[in-house]
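Shown next, in structure tokens, is the structure this report addresses.
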Amino acid sequence: MKHWRQLLWRWRGVLVATPSIAIAVALLRFVGLLQAWEWAAYDQYARLSPQPDLKDRVVIVGIDEHYIQEIGRSIIPFNVYAELIENLKSQSPRAIGLDIYRDLPVEPGYEELVEVFTTTPYLVGIQKVVGKAGQDTVAPPPVLAELGQVGANDLLADADNTVRRGLLSVTDNEGNTHLSLSLYLALLWLGETLFQPFESNDGGYIRADDNGYQQMIRYRGSAHTFERVSVMDVLNGDIPEDWARDRVVLIGPVGESLKDLVYTPHSSSLLSLPEQMPGVEVHANLNSQIISAALDGHHLIRSFSEPLEWLWIGFWSGTGAILVWVSRRSSRHYRHRWQRECMIAVALAFLVGSTYIPFLYGWWLPIVPAAMAAIGSAAAVTAYLAHTASDIRKTFGRYLSDEIVTTLLENPEGQKLGGERREITILTSDLRGFTSTSERLPPEKVIEVLNFYLGRMAESITRYNGTIDEFMGDGILILFGAPIRREDDTQRAIACAVDMQLQMATVNQQMVDWGMPPLEMGIGIHTGEVVVGNIGSEKRTKYGIVGNHVNLTYRIESFTTGGQIYISHAALRAAGDMTVQIAGQQIVMPKGVAEPITIHDVVGVGAPYNLALSQEEETFMPLASALPVCFSLVHSKQVDDALLTGQVIELSEKSALIRASELIVNQVEALNNIKLNFLSLGGAIESIDVYAKVVNKAAALSQFYIRFTSVPPTVATQLDALKATSSVETPQAT
């Protein structure tokens, strides 16, 4: 079950999108919204299909504009029809179809035409059967009706006025069945075949009228496909002597003014205006189709049953969903995105091929619903992945800045390995003494504290559009100017640093609520040229920075005590005309730097930010008796072996004044980090380590001030007790 649950989860996008989109498309199809598009696809396939060999079995004698102008009227006398049919009879045709309504006796020539009717057993007249009797219907010639030589010439036009279906037989209002003109003429040929009647939902049709015995017409081509001669050519004997021999000859109007023109699937194309087809040629197409099916085995148009069509739509819905789903990982890399697009294009091309080739063999498969299902499911999965990507963006945003996430996810160039040289402003921060504090806490509590602290810091960084490059334990590396460069990068970096220090009040209020000692943070800022970009390999990449100025920023930050912000002179210069409030400056020699640099102690910024740190004056209390200590200098987090001794003679809330020999004091420099251990009354060294930073040297040559950076709770309690025994206060700003 676990295996199956994992499998279902891995394919959740496909399993949800496939049936959902398939059902949606099926519903659209059921209500008829796709019918017009399916007709258009059918018409396009019909135009693209190679035309079968007509075998010269069916020809047309057309009543055209030339003949109408010759006789001066559109109504042809009956004796002309009689002469026309006699001329054709002399060539021994297989059948003659008279697609002209002649239900009333009109002179001259009526008797002559009756004589021709009675002596031509292979002559078939027409009647219109479909419609309201006496209003839409037209009766057949009486003589041919008595002889049983009449066929229905009704045409079926779809809602777009295109004739795609033809009748083999039709039932009138009295329940009598009449063969169509096309079928009647075809029956005069030898051969047999099975015709499945058209049903209302065949192919792309939805609830179509399927009365009568209908067939889809496989047109042999556009208008003028069948050999056609004019009535005048036949009357004047301007056709070959055996032109009509063993052929079906259809006689009917083809002139524009006679208004017997219809639209067919071949009427229009992408590059031409629609061309209508004479009704008599529609009958010629249907007649030729029937004969070819019986004698040559040509394919008729068929379609799947409805359940199979639903499965077909579901198959393509699954195909679209699967293609996007399986390519979701590779498509996240810009080099592979084209593969997904190519796969979908190939799938759609395969869909066209898998419906067009069967069409050549008479199978009309749903292409529009299948294409919509494939595209719809692909779009649904893509939308789901986009939603997931939004969640991923939020998740990434907890580790990286929104700008880096945007660069990685939306910019194709943002995913390339490599970088560019750029001047940016770098901010680093670190909690003072948190490592030793965390060693005394449960791991869960350490994470809780860090998450709260980093959450507050991230809010400030986001507010000033900083880019969090990474969290390193309790330290943060922040970029201003990468990946997006702005004119006020350095100004925002300094303002952000002040705001971060102000946020420590909220952090420490929470620490008090948790019953823990307050936290202090130091911040360093520097502006310089570095290389920024994607570092790593194709499988694992990190957006980061490389360069000496990154290391220098860390060095500057290491000089700070809790609550301090040190910026380099380069950063101060890059801040431009923004007011930066400086409490003091130091000339330092960081490791790895050839020359000393000046760092500035920032306590506030002016407009437009107007932020300032509170400046509290520390009060030092002389101890009743000096507290002996031993200490070692700390360089690059390495404790020197040399053990120095001294005495704490004054204490404040966060600092102390140490007295030592002049030789020892000369070894101590401002901003040195030191590790202290207090001595017991018996002279033994206490095992609890205390860390501090040398602030400056006192006026007396053998004294220097330190600022505690990490004081264990037991030691802090002892120091508070010592301060409580002192009654003399010495104000001293450190």
Two-site FRET efficiency, Glu529 against Met472, from Cβ-Cβ distance with R₀ of 25 Å, rounded to 0.05: 0.65
Beta bridge orientation in the chain: antiparallel %, DSSP, nearest 5: 80
Ranking of Tyr464, Tyr219, Tyr45 by count of other Cβ atoms within 10 Å, fewest first: Tyr45, Tyr464, Tyr219
Helix-only mean residue ellipticity at 222 nm for the chain, each DSSP H run of n ≥ 4 adding -39500 (n - 2.57), per residue, nearest 500: -12000 deg cm²/dmol
Long pairs among Lys89/Lys259; Lys542/Lys693; Lys693/Lys723; Lys55/Lys259; Lys132/Lys259, criterion Cα-Cα beyond 23 Å: Lys89/Lys259; Lys542/Lys693; Lys55/Lys259
Residue order, fewest to most beta carbons within 10 Å, for Met511, Met521: Met511, Met521
Protection proxy ranking of 476-485, 351-360 - average other beta-carbon atoms within 10 Å, highest first: 476-485, 351-360
Principal-axis tilt of helix 78-89 within the chain, Cα atoms, nearest 10 degrees: 80
Charge tally in the Cβ shell below 13 Å around Glu112, where Lys, Arg are +1 and Asp, Glu are -1, Glu112 excluded: -4
Protection proxy ranking of 703-714, 21-32 - average other beta-carbon atoms within 10 Å, highest first: 703-714, 21-32
Whole-Hz couplings from phi, Karplus 6.51/-1.76/1.60, listed for the range 254-259; x for Gly and Pro: 10, x, 4, 6, 7, 6
In degrees, nearest ten, helix 443-463 long axis to first principal axis of the chain (Cα): 70
Whole-Hz ³J(HN,Hα) from phi, Karplus 6.51 cos²θ - 1.76 cosθ + 1.60, for the range 582-587, glycine and proline x: 10, 8, x, 9, 9, 9
Three semi-axes of the equivalent ellipsoid, the chain, Cα gyration tensor, whole Å, largest first: 104, 24, 19
Interchain or long-range residues, amide H under 5 Å from Gln214's placed H: Leu168, Phe198
Mean Cβ neighbour count within 10 Å, used as a protection proxy, ranking 57-66, 648-657 highest first: 57-66, 648-657
Kirkwood hydrodynamic radius (C-alpha pairs) into Stokes-Einstein, the range 416-612, 20 °C and 1.002 mPa s, D in µm²/s: 124
Sorted by Cβ neighbour density within 10 Å, fewest at the top, the residues Cys630, Cys342, Cys496: Cys342, Cys630, Cys496
Amide H partners (placed H, <5 Å) of Tyr543, local residues excluded: Ile535
Length added when fully stretched, Ser390-Leu663, from 0.36 nm per residue minus Cα-Cα: 91.9 nm
Mean separation of Cα contacts under 8 Å (6+ apart) over length of the range 485-585, as relative contact order %: 30
Built amide H within the under 5 Å cut-off of Arg247, gap 5+: Arg94, Ala95
At 0.890 mPa s and 25 °C, Stokes D of the range 619-731 from Kirkwood alpha-carbon radius, µm² per second: 175
Backbone HN-Hα couplings from phi across the range 288-298 [Karplus 6.51/-1.76/1.60, Hz, Gly and Pro as x]: 5, 5, 5, 5, 5, 5, 6, 8, 10, x, 5
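All of the numbers you see were taken from the coordinates with simple rules; none came from a lab. Note that the structure is predicted; figures quoted are calculated from it, not measured. Don't worry about glycine lacking a Cβ; one is built from the backbone with ideal geometry, like all the others, and counts go over all protein chains shown.
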